[in-house]
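Worksheet: the structure to be examined is printed underneath.
Where a number appears in this text, it was derived from the coordinates with a stated rule and is not lab data. Keep in mind that this is a model prediction, so the values were computed, not measured. Backbone-built Cβ (ideal geometry, glycine too); neighbour counts: all protein chains shown.
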Amino acid sequence: MVDQPLSDLSQKYKGKVAVMALDSSAGEEARTISKILDEKTLTMPVLIDARGELADLFGAKMTTTTIVIDSNSVIRYWGQFKHGDHALAEQAIEAVLAGKKPAHDHTKERG
C-alpha cells in the first residue's frame, strides 16, 4: 500500500509532477485505503486497480514498483523506489524535470 516516503515525494513535487500510488490488491476497497491514508496522515492520491489491469500493463510483478512517466506519456524509469541511500525515483523525477534521461531507466524489483 502507500507509505510515508511516497507521500513525502508527492508533497515535495506538488504542482510540478503528479505522484500517485496504484493499489492493485485484489478486492481492495476505497474505504479501506482512505482509512489507512487517514491513520498514517498520508496526503496523496491513490488509484485503485483491484483487477490488476494497470499492474499488468506496466509489467509490475511485485510491491513496490515505481514508474516515472514524462509529460509525453513515455516511461522514463521503472523499478525500485530507492536502493540503500540512492533515491532512485526522486533522481528519475529530477532528471525528467531537467529534460534529461534518468541515470537508470530500470532497476530490478524487490518485494
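Rounded to the nearest 0.05, what FRET efficiency do ARG51 and GLU29 have when you use their Cβ-Cβ distance and R0 = 22 Å?
Working from the Cβ atoms, E equals 0.95.
What is the gain in length, in nm to one decimal, between LYS82 and LYS100 on full extension, counting 0.36 nm per residue of separation less the C-alpha to C-alpha distance? Write out the running numbers ahead of the final one.
On the way: separation 18, 0.36 × 18 = 6.48 nm, distance 1.93 nm.
Contour length minus Cα-Cα distance gives 4.5 nm.
How much length, in nm to one decimal, is gained on full extension between ASP8 and THR41, taken as 0.36 nm per residue of separation minus their Cα-Cα distance?
On the way: separation 33, 0.36 × 33 = 11.88 nm, distance 1.07 nm.
Full extension of this stretch gives 10.8 nm more.
Apply the a/c threshold of 1.5 to the C-alpha gyration tensor of the range 4-97 and tell me whether it is rounded, prolate or oblate.
On the way: a/c = 1.69, a/b = 1.26, b/c = 1.35.
In terms of gyration-tensor shape, oblate.
If you build a Gaussian network model of the chain, linking Cα atoms that sit under 10 Å apart, which residue out of SER73, SER25, SER34 swings the most?
For the chain, modelled as a Gaussian network with Cα springs under 10 Å, the answer is SER73.
Quick one: MET44, MET20, fewest Cβ neighbours within 10 Å first, how do they rank? Walk me through the numbers before you get to the answer.
Working: MET44 17, MET20 13.
Lowest count first: MET20, MET44.
With +1 on each Lys and Arg Cβ and -1 on each Asp and Glu Cβ, and nothing else charged, work out how big the dipole of the chain is about its Cα centre, in Debye to the nearest 20. Intermediate results must be reported in sequence, preceding the final value.
Values: 14 positive and 16 negative charges, 59 e Å.
Once rounded to the nearest 20, the dipole reads 280 debye.
So which lysines can LYS101 reach, going by Cα to Cα under 25 Å and dropping same-chain residues fewer than 8 places off?
LYS12, LYS14, LYS16, LYS61, LYS82
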